[in-house]
1. Can you tell me, using C-alpha contacts under 8 Å and at least 6 residues apart, the relative contact order of the chain as a whole percent?
2. Would you calculate the separation in nanometres between label points at residue 161 and residue 48, each defined as 7 Å from the Cα along the Cα-to-beta-carbon direction?
3. Which sequence of 88, 48, 122, 145 reflects their accessible areas, 1.4 Å probe, from the largest down?
4. Tell me which of 65, 116, 172 sits at the most positive position along the dipole axis of the range 49-188, charges placed on C-beta atoms (Lys, Arg +1; Asp, Glu -1).
5. On the protein heavy atoms, probe 1.4 angstrom, tell me the percent of accessible surface of the range 1-123 carried by carbon and sulfur.
6. Return the single residue from 130, 41, 173 with maximal mean-square fluctuation; model: Gaussian network over the chain, springs between Cα atoms under 10 Å.
7. Roughly speaking, what is the stretch gain from residue 185 to residue 142, that is 0.36 nm per residue apart minus the C-alpha to C-alpha distance, in nm to one decimal?
8. Projected onto the charge dipole of the chain (+1 at Lys/Arg Cβ, -1 at Asp/Glu Cβ, origin at the Cα centre), which of 184, 12, 147 gives the Cα projection farthest towards the positive end?
Amino acid sequence: MPPKTSARTLSTAEERRATVLRTAIHAFAARGYYGTTTTEVAKEAGISQPYLYRLFPDKEALFVAVIEHCSLRMRECFADAAATASGSDPASALDALGDAYARLITDRDLLLVMMQANCAASEPAIREAVQGGYARLVEYVRAVSGADDAQIQQFFATGFLCNTVVAMGADTVDAPWARTLGRGLRHY
């Protein structure tokens, strides 16, 4: 009888790419675009840096892929929420989308990486990815809600305030300033 050998299952490039994206989301959320190195991401993903560069040509391309991944996750979240809206009027649709978003940003890495993306938007490719993500989100919200420009602006303004309150933990602070900022916001 031949000796037992453990069969090693190799990942496909797509599986490795997904692993690198998950790892990069965590790293970029913690340290931002400028504070994260591809060496750190590769090490945390369990691959070599040269292999990381086979999957993504450079750090900027990796960060853009992370932004696009997170933007897609937001659109999918909104699509699921739109299907559960209690009515077809703009207020009902926006309420369902807002509730879904409040749940989504409990994923601290997603929240922080999108905030980090806004901070790194001085880089042209990153700015284009951020703008493209918001363009698709705004138009999606417009299409599913039937809301007017003022309602959509208020929806996104409230979302940005939610991001800030949650990111700095103001929702856990019992102080007048924190209650003022968090008044009327949903938190999970």
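The values are calculated or read from the model by the stated rules, or taken from the named source; none is laboratory data. The structure presented is a predicted model; accordingly, all values stated were derived computationally and were not measured. Cβ sites come from the backbone with ideal geometry, for glycine too, and all protein chains shown count toward neighbours. When the accessible area is computed, the model is the full protein with side chains, heavy atoms only, and any ligands, DNA or RNA have been set aside. Shrake-Rupley method; radii C 1.70, N 1.55, O 1.52, S 1.80 Å.
1. Numbers: 169 pairs, mean separation 41.7, N = 188.
Relative contact order for the chain comes out at 22 percent.
2. 5.3
3. Working: 88 115, 48 60, 122 80, 145 5 Å².
Reading off the accessible areas and sorting them downward yields 88, 122, 48, 145.
4. 172
5. 53
6. Highest fluctuation among the options: 173.
7. On the way: separation 43, 0.36 × 43 = 15.48 nm, distance 2.12 nm.
Gain on extension, residue 185 to residue 142, equals 13.4 nm.
8. Among 184, 12, 147, the one farthest towards the positive end of the dipole of the chain is 12.
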